[in-house]
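Here the structure is laid out as structure tokens; the discussion comes afterwards.
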Amino acid sequence: MPFSELIGQDRALGALRAALSRGALHHAYLFAGPEGVGKGTAARLLAQAANCEGGAASGSAAGFRTDPCGACGPCRKIARGTHPDVLALAEERVMAKAGRWEPKGGRTPSKDIVVDQVRDLVDHRLSLRRFEGRRRFVVIDPADALNPQAQNALLKTLEEPPADTTLVLVASSPDALLPTIRSRCARLAFAPLPEALLAERLAAAGRAPEDARLLAALSGGSLGRALALDPDALRAREEAVAAAAALDPGDASTWITFAAAQAEDREAARETCELLQLWLRDVLAFQAAGAAAPLALAELAERTAAAAGALAPADVLRRGEAAREAAAALLQNASPALALERMLIDWFHGELR
Ligand SMILES: [Zn+2]
């Protein structure tokens with residue numbers, strides 16, 4: 001299970017490998033990037049590479065291996081989460097559920113990483129000598145779950161880390177961390193994955209090819225998110241997209257009926273808005289490349305072609321922006337009916353804005 005199991009992250013991996021081969025790992029890393037792109041996997045592989053004892057192909061004398069073997073004792077312990085020098089910190093309720101943490105005083109475990117957990121790490125576990133590994137790791141995933149108190153309790157350790165120890169903070173919202181935390185970490189950016197690569201992986205994971213393309217397009221570059229999406233539910237939302245595409249700009253009563261029908265389920269309404277963005281992107285692609293354009297919503301090809309002929313590209317862009325705003329409003333607490341009506345007013349009377 002070497003670094004090749006990570007896809008689409010060559011830049012971050014290049015930096016890690018260079019540090020491994022020089023034996024010059026930072027004391028603290030911030031792995032930043034969208035969810036589901038391999039940040040947690042990279043943290044595990046890094047700990048494995050630095051502690052790997054497999055094979056003869058070792059790194060330079062001063063350095064670590066630049067690729068873990070995945071099969072030796074340390075590699076396997078780290079993969080199982082049982083290596084005594086590779087410590088994990090996660091949300092209190094996740095750790096409690098795994099039987100690895102018990103909140104003091106019988107509290108209900110919270111969804112944060114709390115100050116007690118950081119103190120336990122710093123005062124107890126990090127004060128011990130290393131057990132068996134070459135380098136100790138602390139993987140805090142998700143680091144954005146550290147509440148402010150917990151972050152402050154971690155500051156001193158980031159400033160003066162114990163010898164031969166590397167902390168890896170894994171965060172999809174790194175801006176949720178205090179600037180004092182961020183500035184003490186070497187930041188590695190993990191990129192959203194390209195859609196074509198995602199579609200390939202999804203097809204390899206057993207998704208039908210036409211589903212794979214749709215899921216990849218909707219996933220925001222995250223394999224984790226793409227795998228969590230339900231293709232059947234999305235197909236059902238496609239009908240709503242077709243209905244929106246068929247609305248008569250001259251008859252406002254049809255928009256209100258559409259908005260009211262869609263507004264019954266907030267989450268479904270938000271998904272419809274996301275699919276509308278995707279469909280409008282298809283319209284733009286069709287305008288640029290004609291029938292050869294690869295469409296995410298292939299079943300709507302006829303409507304896509306019609307819209308591509310009827311609308312100016314600027315109008316398509318404006319409608320896409322309105323759908324994006326509606327989806328964002330629905331993620332907050334906007335009234336679904338109002339958010340959808342507003343989007344349609346923008347679509348058909350955008351010049352009035
Ligand atoms: Zn190994």
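The values are calculated or read from the model by the stated rules, or taken from the named source; none is laboratory data. Keep in mind that this is a model prediction, so the values were computed, not measured. Here the Cβ is made from the backbone with ideal geometry for all residues, glycine too, and neighbour counts use every protein chain on show. Keep in mind that these areas ignore ligands, DNA and RNA; they rest on the heavy atoms of the full protein, side chains included. Shrake-Rupley method; radii C 1.70, N 1.55, O 1.52, S 1.80 Å.
When you check R213 against the structure, is it touching a residue at least 24 places away in the same chain (Cβ under 8 Å) and in the same structural domain as E299 (by TED's automatic domain parsing), yes or no?
Working: touching a residue at least 24 places away in the same chain (Cβ under 8 Å): yes; in the same structural domain as E299 (by TED's automatic domain parsing): no.
For R213, the condition - touching a residue at least 24 places away in the same chain (Cβ under 8 Å) and in the same structural domain as E299 (by TED's automatic domain parsing) - is not met.
In segment 126-143, what residues are modelled with pLDDT of 95 or more and assigned to a helix (DSSP H, G or I)?
A143
May I ask you to list the residues in segment 258-304 that are among the basic types (K, R) and either over 20 Å from L247 (Cα atoms) or touching a helix residue (DSSP H, G or I) at 6+ places or on another chain (Cβ under 6 Å) (or both)?
Let us first name the residues in segment 258-304 that are among the basic types (K, R), namely 266, 270, 281, 303.
Hits for segment 258-304 are R266, R270, R303.
Restrict the check to segment 40-57 and report whether at least one residue is among the hydrophobic types (A, V, I, L, M, F, W, C), outside any helix (DSSP H, G or I) and open to solvent by 60 Å² or more (accessible area, probe 1.4 Å).
Yes, because at least one residue in segment 40-57 is among the hydrophobic types (A, V, I, L, M, F, W, C), outside any helix (DSSP H, G or I) and open to solvent by 60 Å² or more (accessible area, probe 1.4 Å).
Would you point out the residue of segment 238-271, among those that are of a type in the set (A, V, I, L, M, F, W, C) and touching a Pro at 6+ places or on another chain (Cβ under 7 Å), that is surrounded by the fewest Cβ atoms within 10 Å (Cβ to Cβ)?
From segment 238-271, those of a type in the set (A, V, I, L, M, F, W, C) are 240-247, 252, 255-256, 258-261, 263, 268-269; that's our starting set.
Retained after the next criterion (residues that are touching a Pro at 6+ places or on another chain (Cβ under 7 Å)): 263, 269.
On the way: A263: 18, A269: 23.
Looking at the filtered set, the residue picked out is A263.
Just one of A196, A203 is aliphatic (A, V, I, L, M), loosely packed, with under 15 Cβ neighbours inside 10 Å and either assigned to a loop (DSSP other than H, G, I, E, B) or outside the structural domain of G40 (by TED's automatic domain parsing) (or both); which is it?
A196
Would you kindly identify the helices (runs of 4 or more DSSP H) lying entirely within segment 62-125 that contain at least 1 residues that are within 16 Å of the ligand (Cβ to nearest atom) and either outside the structural domain of N152 (by TED's automatic domain parsing) or aliphatic (A, V, I, L, M) (or both)? Please lay out each step first, then the result.
Working: elements: 73-80, 92-97, 115-119.
It comes to 73-80.
Answer yes or no as to whether E274 is open to solvent by 40 Å² or more (accessible area, probe 1.4 Å) and charged (D, E, K, R).
Answer is yes for this residue.
For the list (1) touching a Leu at 6+ places or on another chain (Cβ under 8 Å); (2) closer than 20 Å to A24 by Cβ; (3) surrounded by fewer than 18 Cβ atoms within 10 Å (Cβ to Cβ), I need the number of the one condition that R135 fails.
(3)
V37 passes all but one of (1) in a loop (DSSP other than H, G, I, E, B); (2) within 16 Å of the ligand (Cβ to nearest atom); (3) open to solvent by less than 70 Å² (accessible area, probe 1.4 Å); which number fails?
The failed condition is (2).
Here is a yes/no grid of residues against (1) surrounded by fewer than 16 Cβ atoms within 10 Å (Cβ to Cβ); (2) touching a residue at least 60 places away in the same chain (Cβ under 8 Å); (3) under 26 Å from R11 (Cα atoms):
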{"residue": "R65", "(1), (2), (3)": "no, no, yes"}
{"residue": "D85", "(1), (2), (3)": "no, no, no"}
{"residue": "S110", "(1), (2), (3)": "yes, no, no"}
{"residue": "R119", "(1), (2), (3)": "yes, no, no"}
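Out of the residues in segment 159-180 meeting the condition of being open to solvent by less than 10 Å² (accessible area, probe 1.4 Å) and under 15 Å from V138 (Cα atoms), tell me which one is farthest from the chain's Cα centre (by Cα).
Out of the qualifying residues, it is T165.
Restricting to segment 282-294, count the residues that are crowded, with 20+ Cβ neighbours inside 10 Å and in contact (Cβ under 8 Å) with a residue 24 or more places away in the chain. If you could, list the steps in order and put the result at the bottom.
Here is the first cut: in segment 282-294, the ones crowded, with 20+ Cβ neighbours inside 10 Å are 282-283, 286.
Okay, now just the ones that are also in contact (Cβ under 8 Å) with a residue 24 or more places away in the chain, so 283.
The qualifying residues number 1.
Of the residues that make up segment 217-227, is at least one without any contact (Cβ under 8 Å) to a residue 60 or more places away in the chain, open to solvent by less than 20 Å² (accessible area, probe 1.4 Å) and either within 17 Å of P336 (Cα to Cα) or assigned to a helix (DSSP H, G or I) (or both)?
No, because not a single residue in segment 217-227 is without any contact (Cβ under 8 Å) to a residue 60 or more places away in the chain, open to solvent by less than 20 Å² (accessible area, probe 1.4 Å) and either within 17 Å of P336 (Cα to Cα) or assigned to a helix (DSSP H, G or I) (or both).
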